[in-house]
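First up is the structure itself, then whatever we jot down about it.
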Amino acid sequence: MVHPRLPARRFRTASVRIAALLALLWLALGPAAAQVAYAAPMEAWRANQSVEARPVPLQPGTRAVVRSGGECLRLREAPRLEAEVITCLQDGTSVMVLAALEESDGYRWQQVLFGEDTGWAADVFLEPYDGPAECSGNGTLSLTKPGLSGDLPVQGGVGLVVWGGGTVNGILTTAAAEGCHLASIWANRAGGGLVGYITNAPDFVNSDFLAQFPGGAIAAGTPLVTICGTQARSTQAAGLAGVPVWGGAPTRSTDAGPPGISAEAAIVVDEASGAVLFDKNAHESLPPASLTKVITAIIAMEGADPNTWLTTNVDSRQMPGSSLMGLLPGDCYQLRDLLYGLMLPSGNDAALAISRHVAGSDEAFLAQMHALLNRLGLHESHFVDPHGLGGDGHTASAYDLAMLSRYAMAIPEFRAIVATPVWTSGGSRQLVLYNVNGFLTQFKGADGLKTGYTGKAGRTLIASATREGHRLYAVLLDAPERDHDAAALLEWAFGNHTWP
């Protein structure tokens, strides 16, 4: 995707008015310069056939264009001239570059993906693709990348940015990950003037802003003035782990004790009040496996537009033995499809594709994961990847996971996804995605949420269920009988508590 480069302007004096910043930003959003793909003369390409003199190899995961002087380029089964031809690629055809590279018969051969065909082509006839994004369902391209582009004053002060689409909460997380303790956000008001959002203020203070941006959703390309403070501002004051408390805590109505369970750690939490109804080692940090994907989904839903089309560079064939959506390099999907692929079949490939789209790199996404945890006041978890396969130090507590789930279920699209039994994707290849959470069909009132398993973590589960208008969450870590444990705990909680 081509992104216009915003001029780096920094306004340091107190005399500069916010209105002037917005006016300058609108000027910065003029039409992007036309993008012209590099096209070297064919003679230069052909004269440059020695391996030693050739440019550096093409980067795996990027696109390349066939430049064969009007002839077709043979895609072969192996990196040899005598290898069988799979298909003939016409001049100008776009292919996805894979990692394998070999030298044979005087050529340097690059493995590429074309449609569903994987083969070898002499890279002397390939050049890097440098045109506009090809992946779009309706021909409309966004010129704004996800996240905050422009001048974010991480040392404090006033800055000028463009938001890549998502919600106010996504802005808070993104800014925190980049080192900005966001105090307020200002935008142009419809009809003239400015409207502001004050971090950590109650909704009535921000009512004008939320009326301008219903649900806190801010479209891609929206110019914003950001004011960064010098100290972090926790959102806990706005509610329990960022979610308002809207009901009283249930009380025990019988003397019946909780059931015995197989889980090493577990918790049951009431949604409306955030009250803990059961706790077994709930603050102990253990490997969560794919329960990690709850925070990955939150960041994606808040930090990007689910309608965005993106080209993936993840190859599920390189992830054997893993739960997968089934992505191939060059696949074109909406972010929404990837979210279903993340949560229903628990696609580890979808987690990687999502994190790279939203944050630009695996490392930047990890920074956003920890920024969200800090913003919500959850300090018993530490993640090293977006999917939960987990290396050393990838842990979470049952309490943190319950609070993350309570936060996630406040997002309407998240609730819809985790309760969906099957989803058929759009995009370049139709994929039928089945929900692997068997608890959904086994327990009365079940409406989510996520399963997980690795050899190190054992079986893990976040189960949610709603009865008579009350939703409970049960989180189980290292639970050999996770579905049985969750059902027993939730039956006990629903049957032995009374809500005010």
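If each of Ala410 and Asn307 carries a label point 7 Å out from its Cα toward its Cβ, how far apart are those two points in nm? Once both label points are built, they end up 2.5 nm from each other. Rounded to 0.05, the FRET efficiency of the Asp392 and Thr420 pair, given R0 = 30 Å and the Cβ-Cβ distance, is 0.30. Between Ala364 and Val384, the FRET efficiency estimated from the beta carbon spacing at R0 = 22 angstrom works out to 0.95. Amide hydrogen proximity for Ala78: with H placed 1.01 Å from N in the peptide plane, the residues at 5 or more positions away or on another chain lying under 5 Å are Glu84, Trp120. Using alpha carbon centroids, what distance separates region 346-409 and region 421-500, in Å? Answer, in whole Å: 19. Amide hydrogen proximity for Gly347: with H placed 1.01 Å from N in the peptide plane, the residues at 5 or more positions away or on another chain lying under 5 Å are Met325, Leu342. Semi-axis lengths, largest first, of the ellipsoid equivalent to region 259-498 are 28, 18, 16 Å, with √(5λ) applied to each eigenvalue of the Cα gyration tensor. In order along region 405-421, the phi-based Karplus estimate (6.51 cos²θ - 1.76 cosθ + 1.60, θ = phi - 60°) of 3J(HN,Hα) comes to 5, 4, 5, 5, 6, 7, 8, x, 5, 4, 4, 5, 5, 5, 9, 7, x Hz; Gly and Pro are listed as x. Taken about its Cα centre, region 259-498 carries a charge dipole of about 400 debye when Lys and Arg each add +1 at the Cβ and Asp and Glu each add -1 at the Cβ.
Of Cys72, Met96, Trp120, whose Cα points farthest to the positive end of the dipole of region 49-128 (charges on the beta-carbon: +1 Lys, Arg; -1 Asp, Glu; origin at the Cα centre)? Value computed over the given set: Met96. If the segment from Ala190 to Ala211 were pulled out straight at 0.36 nm per residue, it would be longer than the present Cα-Cα gap by 6.5 nm. Within region 59-103, list the residues whose amide N lies under 13 Å from a label point set 7 Å along Cα→Cβ of Asp130. Flagged as within label range: 65.
Once you place label points 7 Å from the Cα toward the Cβ at Thr254 and Ser94, how far apart are they in nm? Placing both labels 7 Å beyond Cα along the Cβ direction yields 6.2 nm.
Here the 3J(HN,Hα) profile of region 77-88, calculated from phi with Karplus coefficients 6.51, -1.76 and 1.60 at θ = phi - 60°, is 6, 9, x, 8, 5, 8, 5, 5, 7, 7, 7, 10 Hz, Gly and Pro shown as x.
The amide H of Leu194, built 1.01 Å from its N in the peptide plane, has Arg189 as neighbours under 5 Å, considering only residues 5 or more places off or on other chains. Note on Asn200 and Glu284: the model spin-label points, each 7 Å out from Cα along the C-beta direction, lie 3.4 nm apart. Rounded to whole numbers, the Karplus 3J(HN,Hα) couplings from phi for region 462-471 are 10, 10, 10, 8, 10, 9, 6, x, 10, 9 Hz, using 6.51 cos²θ - 1.76 cosθ + 1.60 with θ = phi - 60°, and x at Gly and Pro.
No value in this document is a laboratory result; all are computed from the given coordinates. Since the structure is predicted, the reported quantities are computational estimates derived from the model, not experimental observations. Please note: Cβ atoms are built from the backbone with ideal geometry, for glycine as well, and neighbour counts cover all protein chains shown.
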